[in-house]
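Student: Attaching a single structure in structure tokens format; questions to follow.
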Amino acid sequence: MKNHNRVIVVGGGIAGLAIAARCAAQGKQVTLLEAAPQFGGKVGEWRIDGFRFDLGPSLFTLPQLLDELFHDCGFNPQDFYQYRKLEVVTRYFWEDGSQMDAWSDHQKLEKELLRFSPDSLTSVKEHLKEAQAVYQLTEPLFLRRSLHKWSTWFNWQAFRGMLKAGSLRSFTSMNEVNAARFKDPRLAQLFNRYATYNGSDPYRAPATLNLIAHLEHDEGAYYPVGGIRMIAEALISLCQRLGVTMKANAPVSQILTSGNRVTGVSVGEQVLEADEVVCNADIRTAYEKLLPQLPKPASLIKQEPSSSALIFYWGVKGHFPELDLHNLFFSDAYQEEFQALQEGRLFLDPSVYVYVSQRLNPTDAPEGCENWFVMVNAPFLRPGQDWERMKEQTRLNILAKLEHRLGQRIRDKIVVEQVLDPAGIEQLTASWRGALYGSSSNSPWSAFLRQANFHPKVKGLFFCGGSVHPGGGIPLCLLSASITSKLMH
Ligand SMILES: Cc1cc2nc3c(=O)[nH]c(=O)nc-3n(C[C@H](O)[C@H](O)[C@H](O)COP(=O)(O)OP(=O)(O)OC[C@H]3O[C@@H](n4cnc5c(N)ncnc54)[C@H](O)[C@@H]3O)c2cc1C
């Protein structure tokens, strides 16, 4: 009898590293294969001329999920990384010259709201209370378990959830709820913004996603000492300590099956046998390239990819005290911005996000300089787009917006520049069409249409990561690995 001991993990993103660690901690013999020269996937970094930039994610929430992983594997997380809670989560700027700090401390936030928009205080409290209730209702069902097992649905918790399903507001858009709730359109815009945390559009995504505001405002936002990349570094160390065999520069060309069983993978000329294979590669890419022998699920093909991003990594000379760690310069025409993304275009006046990790990690930029990660939401890749023109135009639009708001000529102060567009994201991480979070959550059914964490017909074939259940973002990727490891155990 086989002991189901040999596991191969395809892809060393956050979820791939986490599942490799979990399987190794369960006593399995684990090999982790990564196509790129480095592990970590989207949680990468760039170092150029004394500047360090986090490549993709910049915001870290629910750190307890990372701690949970280390504890579950028998280690003390503090031996691997440290993180700090942010005092100001995001500094918001509007075109009319107004500005607001989203304090994590509730009393400070109240004071700021009384200054910024006194009439909105009660509505904000109401909104966050409702967001918390929705999170508490959905977390045990949608985030902690596989949606594709009967056991998830036949229990008291699920029954309770169904009784309260109306309160999830799945059939009303985020903007409909937020525009009705906040008299001040700037606050409706601020809370609409959370749709972008999973690459969705607030004018189409269900109001259920308002729960994301609870995570940031009540649970808090954090910063790992040394940068977001430290999360990947910590997971790499964990895998090494647990004896995972880790191979970089090892692109898997096919996941092999025989009848209704997985048998291993091929890497170049080599065939590696396995009892179980976990695919962390983007699910659409996986079905296109790694599993050509299996039919592609219709639900997967129909789904709209999440939005992508266009990022400028700028080493900037000078000091800009107006900027905090996370800064958002809103567009005046938010709905038009999302309409443009839906049509595959970049908007002329996009909302601009600026992340300056040097604020908390002084060595990220040389003396007298700052490292700016400047990002706008971008459409996923489609035929007919002219990215060279769009990048050139957007660069100028961003500069004009920031220069106007900060009152300085920034273009002359950029000493280092690197650009990442959707094609670059696809090339670096094999993400289908450069989508950041797999499929979007623009439909009330999105959560149910995401790929399950296992293949229904092929024994031993599992999936985890941001493009499968429960979705994208670092916390959800960690949950994905946790759900998958339970299914495998
Ligand atoms: C610009 C940007 C901003 C973001 N901002 C945030 C944020 O602020 N907060 C947040 O929580 N999340 C954010 N995210 C999302 C977050 O980064 C992802 O959801 C998460 O990192 C995905 O991890 P993953 O393990 O699913 O996959 P990935 O990181 O995509 O890793 C998949 C890995 O599989 C490898 N691979 C693919 N095919 C093969 C193959 N055939 N053989 C071997 N290896 C293969 C790839 O090389 C890659 O390393 C952001 C993402 C981006 C790009």
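The values are calculated or read from the model by the stated rules, or taken from the named source; none is laboratory data. Keep in mind that this is a model prediction, so the values were computed, not measured. Backbone-built Cβ (ideal geometry, glycine too); neighbour counts: all protein chains shown.
Student: For the range 32-75, give me each residue that is in contact with a Phe, Trp or Tyr (Cβ under 7 Å, 6 or more places away or on another chain) and either away from the ligand (no atom under 16 Å from the Cβ) or among the small types (G, A, S) (or both).
Tutor: Scanning the range 32-75 gives S58, F70.
Student: Out of the strands (runs of 3 or more DSSP E) lying entirely within the range 216-272, which hold 2 or more residues that are within 24 Å of the chain's Cα centre (by Cα)?
Tutor: Values: elements: 221-224, 245-247, 252-258, 261-267.
Qualifying strands (runs of 3 or more DSSP E): 221-224.
Each row is one residue, and each column tells you yes or no for (1) of a type outside the set (V, I, T); (2) closer than 18 Å to K296 by Cα; (3) in a strand (DSSP E or B).
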| position | (1), (2), (3) |
| --- | --- |
| P444 | yes, no, no |
| F448 | yes, yes, no |
| K457 | yes, yes, no |
| F462 | yes, yes, yes |
| P470 | yes, no, no |
| P475 | yes, no, no |
| S480 | yes, no, no |
| T484 | no, no, no |
| L487 | yes, no, no |
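Student: Report, by residue number, each residue of the range 117-130 that is assigned to a helix (DSSP H, G or I) and in contact (Cβ under 8 Å) with a residue 40 or more places away in the chain. Please lay out each step first, then the result.
Tutor: Taking the range 117-130 and keeping what is assigned to a helix (DSSP H, G or I), we get 118-130.
Scanning the range 117-130 gives D119, S120, S123, V124, E126, H127, L128, E130.
Student: Still on this structure: Residue check: is L328 in contact with a strand residue (DSSP E or B) (Cβ under 6 Å, 6 or more places away or on another chain), under 22 Å from S98 (Cβ atoms), aliphatic (A, V, I, L, M) and at pLDDT 95 or above?
Tutor: Yes: the conditions hold for L328.
Student: On to the next question. Do any residues in the range 48-68 that are within 14 Å of R84 (Cα to Cα) have Cβ atoms under 6 Å from those of residues that are within 7 Å of the ligand (Cβ to nearest atom), where the two are at least six apart or on different chains, and which pairs are they?
Tutor: T61/P475; L62/P475
Student: Since P475 meets every condition but one in (1) within 13 Å of the ligand (Cβ to nearest atom); (2) within 23 Å of P63 (Cβ to Cβ); (3) crowded, with 22+ Cβ neighbours inside 10 Å; (4) modelled with pLDDT of 95 or more, which condition does it not meet?
Tutor: Against the list (1) within 13 Å of the ligand (Cβ to nearest atom); (2) within 23 Å of P63 (Cβ to Cβ); (3) crowded, with 22+ Cβ neighbours inside 10 Å; (4) modelled with pLDDT of 95 or more, P475 comes up short only on (3).
Student: Which members of the range 87-111 meet the condition of being assigned to a strand (DSSP E or B) and aromatic (F, W, Y)?
Tutor: Let us first name the residues in the range 87-111 that are assigned to a strand (DSSP E or B), namely 88-93, 99-103.
Within the range 87-111, Y92, F93, W103 qualify.
Student: In the range 82-104, is there at least one residue being of a type in the set (D, E, K, R), more than 11 Å from the ligand (Cβ to nearest atom) and within 30 Å of V267 (Cα to Cα)?
Tutor: No, every residue in the range 82-104 fails to be of a type in the set (D, E, K, R), more than 11 Å from the ligand (Cβ to nearest atom) and within 30 Å of V267 (Cα to Cα).
Student: Hand me the list of strands (runs of 3 or more DSSP E) wholly inside the range 341-434 holding 3 or more residues that are more than 16 Å from L55 (Cβ to Cβ) and of a type outside the set (V, I, T).
Tutor: 369-378
Student: Right, A481: crowded, with 17+ Cβ neighbours inside 10 Å and under 15 Å from the mean Cα position of the chain (by Cα) or not? Please lay out each step first, then the result.
Tutor: On the way: crowded, with 17+ Cβ neighbours inside 10 Å: yes; under 15 Å from the mean Cα position of the chain (by Cα): yes.
Yes: the conditions hold for A481.
Student: Next question. How many residues does the range 175-207 contain that are among the small types (G, A, S), in a helix (DSSP H, G or I) and more than 16 Å from the ligand (Cβ to nearest atom)? Steps first, please.
Tutor: Quick first cut of the range 175-207, residues among the small types (G, A, S) only: 179-180, 188, 195, 199-200, 205, 207.
Next, only the ones that are in a helix (DSSP H, G or I) stay: 179-180, 188, 195, 207.
If we keep only those that are more than 16 Å from the ligand (Cβ to nearest atom) too, we end up with 179-180, 188, 207.
Looking only at that region, the number is 4.
Student: Which condition breaks for L325 when tested against (1) within 20 Å of the chain's Cα centre (by Cα); (2) farther than 25 Å from W46 by Cα?
Tutor: (2)
Student: Within the range 413-426, can one find any residue that is farther than 20 Å from G199 by Cβ, surrounded by 23 or more Cβ atoms within 10 Å (Cβ to Cβ) and more than 16 Å from the chain's Cα centre (by Cα)?
Tutor: no
Student: Looking at S446, S439, can you tell me which residue is more than 15 Å from the chain's Cα centre (by Cα), among the small types (G, A, S) and modelled with pLDDT under 95?
Tutor: S446
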